[in-house]
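Trainee: Submitted below is the structure of interest, expressed as structure tokens.
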Amino acid sequence: MESRYNPAEIEEKWQQTWVEQGVDLTPDDTSKPKFYALSMFPYPSGSLHMGHVRNYTITDVIARVRRMQGFRVLHPMGWDAFGLPAENAAIDRGVHPAKWTYQNIDQMRGQLKRLGLSYDWEREVATCSPDYYHWTQWIFLEFFKAGLAYQREAAVNWDPIDQTVLANEQVDSEGRSWRSGAKVERRLLRQWFLKITDYAEQLLNDLNQLDGWPERVKVMQENWIGKSTGAEVVFKTETGDEIMVFTTRPDTLWGATFMVLSPEHPLVEKLTTKQQSKKVKDYQAAASEKSEIDRTAEDREKTGVWTGSYAINPVNDAKIPIWIADYVLMGYGTGAIMAVPAHDQRDFEFARTFDLPIQVVVQPADQTLDGDTMTEAFPNDGVMVNSGPLDGIAAGKGTGQSVAAAIDWLEAQGHGKRMVNYRLRDWLISRQRYWGVPIPVIHCPNCGIVPVPESDLPVCLPEEIELSGRGPSPLAKLDSWVNVDCPACGTPAKRETDTMDTFIDSSWYFLRFTDARNPKQVFDPAKANDWMPVDQYVGGVEHAILHLLYSRFFVKVLRDRGWLNFDEPFSRLLTQGMVQGLTYMNPNKGGKDKWIPSHLVTDPNDPRDPETGEPLERIYATMSKSKGNGVTPEEVISKYGVDTARMFILFKAPPEKDLEWDDADVEGQFRFLNRVWRLVTEFSDSQAAQSSAKAKVAQAKLSKPEKVLRYAIHDAIQQITEDIEGDYQFNTAVSELMKLSNALTDAPCKDSPVYAEGIETLLKLLAPFAPHLSEELWHSLGHADSVHQQPWCLADPEALVVDEISLVIQIMGKTRGTIQVPAQSSRQELEQYARESDLAQRYIAGKAIKKVIVVPGKLVNFVIEG
């Protein structure tokens with residue numbers, strides 16, 4: 001009776017393979033080359049989705065292959081466990097954030113283990129554990145000692161009803177509070193920052209080291225850092241104050257006809273005249289209610305108010321009016337711009353709206369522009385005009401002679417200086433909420449800001465707190481926690497009540513994994529420098545900017561503090577695509593209502609809205625609850641098993657591409673694994689398995705069928721090995737596994753040692769992809785050790801030398817079939833074999849051959865006259 005492939009039974013049996021066999025998943029044997037494989041760790045939301053499964057399966061295959069290739073592998077897992085969702089859950093459910101978080105961790109850990117992921121669970125970390133955030137606080141103090149952590153006023157989102165600060169995630173697309181519904185205001189509060197701008201140049205230049213990163217990710221980081229070269233220019237005002245402006249086009253200063261300040265600029269109040277005071281204050285209040293996205297939208301109508309004051313243009317002494325407008329942000333540059341409407345579209349629209357002058361200073365060589373008749377700005381290259389000492393000089397967008405000439409002139413006149421500027425701003429890390437790492441400083445009335453002594457770390461979160469989502473930070477309301485003595489002078493003082501941005505936690509977790517149980521140090525530098533940098537990092541492209549940038553920043557600071565000896569945390573980066581599901585959409589509806597959950601569609605061939613009867617559009621979109629197009633891992637695993645889910649994830653699309661979920665393809669992978677099951681169990685039950693498994697293969701003595709099969713075996717080894725290097729083409733690797741399975745199925749020499757070699761090779765090559773099935777079948781062949789501890793297969797060059805090849809015969813470019821010919825045949829011999837073959841003779845006999853085209857090793861094409 002044929003044995004039956006039962007995925008659930010097999011996977012349950014082998015889930016604890018590593019533990020039961022006492023395998024050291026992360027050996028310290030430094031005689032072996034190291035390989036650090038890491039997936040971006042998850043937020044413990046309570047359940048895995050298919051995006052998680054894809055990320056972790058990809059990394060697990062890489063880790064398993066590297067172990068078999070003789071590397072000592074670090075492959076850990078942990079939890080990005082602090083953050084707003086847990087605090088919201090605590091408010092909504094009346095559960096403490098810690099309880100909710102650890103329940104979710106327990107649930108998701110069980111799901112991960114079921115997926116057969118070869119994690120070293122002895123290194124598991126959770127960022128909300130005091131054992132972890134002790135060292136997050138220690139790192140903050142290192143930044144503080146280095147002058148890289150400081151406090152200053154910054155704008156925050158303020159809920160006027162709940163009287164609390166809101167994170168960006170708590171503000172909806174209309175600028176309203178997620179809880180109260182109030183229109184969110186912008187207020188200034190003292191906030192903590194990390195001085196990432198000190199490392200802007202390094203962060204930019206070191207992108208050149210990252211050959212293993214996708215080019216688009218490097219470009220995204222480069223744009224975020226936003227280096228620009230230009231000049232800082234001083235504009236004097238009627239009040240005697242000076243306004244600093246940075247511009248990449250100082251050559252256009254002669255065309256500056258007004259200035260614009262951010263509504264939050266510190267000089268606005270001083271520069272505003274009595275006559276304009278009410279208008280300015282009203283405008284500032286309106287601007288404070290708008291988000292940055294709203295304020296900077298290109299298609300938005302330009303608004304602004306004149307302050308009543310003037311500045312002096314330093315290049316021509318012209319009086320130009322000073323306006324405020326919400327499209328200028330205080331957080332970018334100096335919060336002030338010189339407006340050159342003839343050559344900047346945004347300024348042009350503003351000037352037309354408020355009837356401000358437009359002065360042309362760059363024009364095409366063959367055309368004269370007039371500011372009064374222009375219909376849009378002219379931002380292109382040209383020739384300088386109306387610009388005093390620059391007239392006639394070639395003008396370019398930041399690269400022409402005019403820019404350098406303008407900077408030289410400004411420096412000579414004392415009106416400005418050459419400067420490099422960055423779009424990158426210092427990192428605001430303060431959060432006025434409970435579920436995060438307390439910032440370890442104390443505010444003393446005598447000493448000022450005092451760091452908590454290292455011996456007093458960690459500063460633990462108090463457990464007895466009130467979470468309402470209203471009023472100040474929960475920590476600020478707990479006097480017993482806030483009030484402490486100054487560690488420097490003993491004076492009654494107060495703890496810092498802000499907690500840290502959760503990006504802090506994920507900016508160094510990969511370092512803690514190298515020495516996760518160290519109670520005395522953040523990590524042993526010898527261990528971190530041994531394992532780091534991460535050899536392969538896998539995660540979503542949504543983290544391509546902030547998480548990766550912050551992690552790079554942390555590594556550089558800890559390097560400069562003497563803890564690390566490398567520059568970059570991640571040598572290679574793979575940004576896997578999204579998992580998409582078949583989605584039904586009603587184009588006549590808006591918002592969330594347009595998505596129709598798939599379970600409400602009764603006829604997939606004629607999908608209609610269950611409420612209106614309108615026809616629905618079918619598209620593939622990223623799986624989400626809101627779209628009703630998701631497939632849970634549990635659904636797939638319960639029906640097909642973990643190995644099938646892994647095989648489909650790897651086969652359906654290259655890792656970096658989006659994956660379209662298709663039940664038929666899942667079923668196809670299940671059928672393939674069933675074929676492998678039958679193939680191996682039939683062999684293991686046969687006498688041939690006993691007699692041929694241990695026999696040695698002698699290439700020279702093989703029969704023709706054996707040579708053909710052995711070629712297929714070693715060609716599969718070579719192709720799959722190439723597929724799992726470089727760009728990780730797992731989809732084609734799975735195709736090669738299928739080809740090898742088919743070759744074994746069709747082989748006539750099933751009692752041969754070559755066939756036994758092929759069966760064992762198939763299981764070794766399949767093991768990283770379908771670990772449970774492979775382990776079961778490996779043991780069915782009589783092996784006592786694990787298939788995952790076998791050395792990776794190496795292709796035998798002799799087996800890849802073929803005696804014969806299949807030569808394609810074409811007549812007039814149309815393929816008619818193939819014939820077998822000696823592999824080393826010359827062009828003349830190939831043509832002769834083709835001419836004399838029965839296959840060709842059926843088409844060319846008695847006909848005049850006009851031309852013969854020979855492609856060595858591939859085909860012969862006969863072109864017949866007439």
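Trainee: I'm told A784 meets every condition in (1) under 54 Å from the mean Cα position of the chain (by Cα); (2) more than 22 Å from V680 (Cβ to Cβ); (3) aliphatic (A, V, I, L, M) except one. Can you identify the failing condition by its number?
Mentor: (2)
Trainee: Just to be sure I understand, how many residues within region 330-357 are in a loop (DSSP other than H, G, I, E, B) and either polar (S, T, N, Q) or in contact with a Ser or Thr (Cβ under 7 Å, 6 or more places away or on another chain) (or both)?
Mentor: Total satisfying the criteria: 8.
Trainee: In this structure, is V534 assigned by TED's automatic domain parsing to the domain that holds R64, surrounded by 21 or more Cβ atoms within 10 Å (Cβ to Cβ) and over 28 Å from V61 (Cα atoms)?
Mentor: Against the criterion (assigned by TED's automatic domain parsing to the domain that holds R64, surrounded by 21 or more Cβ atoms within 10 Å (Cβ to Cβ) and over 28 Å from V61 (Cα atoms)), V534 does not qualify.
Trainee: Filter region 431-453 for residues that are within 17 Å of G147 (Cα to Cα) and in contact (Cβ under 8 Å) with a residue 60 or more places away in the chain and give the result.
Mentor: I439, P440, V441, I449, P451, V452
Trainee: Need pairs with beta-carbon distance below 6 Å; first residue modelled with pLDDT of 95 or more and within region 481-499, second part of a helix (DSSP H, G or I); sequence gap 6+ or separate chains.
Mentor: K494/V482; R495/V482; T497/L475; T497/A476
Trainee: Another one. Of the numbered conditions (1) among the small types (G, A, S); (2) in contact with a strand residue (DSSP E or B) (Cβ under 6 Å, 6 or more places away or on another chain); (3) within 30 Å of S473 (Cβ to Cβ), G181 satisfies every one except a single condition; which is it?
Mentor: (2)
Trainee: Working only within region 74-98, note down all residues that are at pLDDT below 95 and either touching a strand residue (DSSP E or B) at 6+ places or on another chain (Cβ under 7 Å) or among the basic types (K, R) (or both).
Mentor: Answer for region 74-98, where residues must be at pLDDT below 95 and either touching a strand residue (DSSP E or B) at 6+ places or on another chain (Cβ under 7 Å) or among the basic types (K, R) (or both): just R93.
Trainee: If you don't mind, there's one more thing I want to ask. Can you give me the number of residues within region 569-621 that are closer than 30 Å to L207 by Cα and in a strand (DSSP E or B)?
Mentor: 7
Trainee: Take region 43-54 and flag every residue that is within 15 Å of V541 (Cα to Cα) and crowded, with 22+ Cβ neighbours inside 10 Å.
Mentor: R54
Trainee: Separate question: Failed condition for G240, given (1) of a type in the set (G, A, S); (2) in a loop (DSSP other than H, G, I, E, B); (3) buried (at least 21 other Cβ atoms within 10 Å of the Cβ), with all others met?
Mentor: All conditions are met except number (3).
Trainee: Name the single residue, out of those in region 679-727 being charged (D, E, K, R), modelled with pLDDT of 90 or more and more than 37 Å from the chain's Cα centre (by Cα), that is nearest to W213 (Cα to Cα).
Mentor: R710
Trainee: Under 6 Å by Cβ, and 6 or more places apart or on different chains, what pairs join a residue from region 739-753 that is without any contact (Cβ under 8 Å) to a residue 40 or more places away in the chain with one that is small (G, A, S)?
Mentor: L740/A716; A743/A712
Trainee: Something else now. Residues that are outside the structural domain of T101 (by TED's automatic domain parsing), assigned to a strand (DSSP E or B), free of Cβ contacts under 8 Å to residues at least 40 places away in the same chain and farther than 30 Å from R93 by Cα: does region 398-411 have at least one?
Mentor: no
Trainee: Yes or no: Q151 in contact with a Phe, Trp or Tyr (Cβ under 6 Å, 6 or more places away or on another chain), crowded, with 16+ Cβ neighbours inside 10 Å and outside the structural domain of K556 (by TED's automatic domain parsing)?
Mentor: Considered against the rule, which asks whether it is in contact with a Phe, Trp or Tyr (Cβ under 6 Å, 6 or more places away or on another chain), crowded, with 16+ Cβ neighbours inside 10 Å and outside the structural domain of K556 (by TED's automatic domain parsing), Q151 comes out as yes.
Trainee: Within region 99-120, identify whether any single residue is small (G, A, S), under 22 Å from H772 (Cβ atoms) and not in a helix (DSSP H, G or I), and answer yes or no.
Mentor: yes
Trainee: Going by the structure shown, is L253 outside the structural domain of A325 (by TED's automatic domain parsing) and of a type outside the set (S, T, Y)?
Mentor: Here the answer is no, as L253 does not meet what is asked.
Trainee: Testing V95 on (1) in a loop (DSSP other than H, G, I, E, B); (2) crowded, with 21+ Cβ neighbours inside 10 Å, one condition comes back false. Which one is that?
Mentor: Result: V95 fails condition (2) only.
One line per residue, one yes/no per condition, for (1) surrounded by fewer than 23 Cβ atoms within 10 Å (Cβ to Cβ); (2) under 30 Å from W427 (Cα atoms); (3) in contact (Cβ under 8 Å) with a residue 12 or more places away in the chain; (4) under 35 Å from the mean Cα position of the chain (by Cα):
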residue: I324; (1), (2), (3), (4): no, yes, yes, no
residue: M330; (1), (2), (3), (4): yes, yes, yes, yes
residue: Q345; (1), (2), (3), (4): yes, no, yes, yes
residue: V362; (1), (2), (3), (4): no, no, yes, no
residue: A365; (1), (2), (3), (4): yes, no, yes, no
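Trainee: Can you find even one residue in region 349-360 that is modelled with pLDDT of 95 or more, touching a strand residue (DSSP E or B) at 6+ places or on another chain (Cβ under 6 Å) and buried (at least 21 other Cβ atoms within 10 Å of the Cβ)?
Mentor: no
The values are calculated or read from the model by the stated rules, or taken from the named source; none is laboratory data. Since we're looking at a predicted model, the values are computed, not measured. Neighbour counts run over all protein chains shown; Cβ positions are idealised from the backbone, glycine included.
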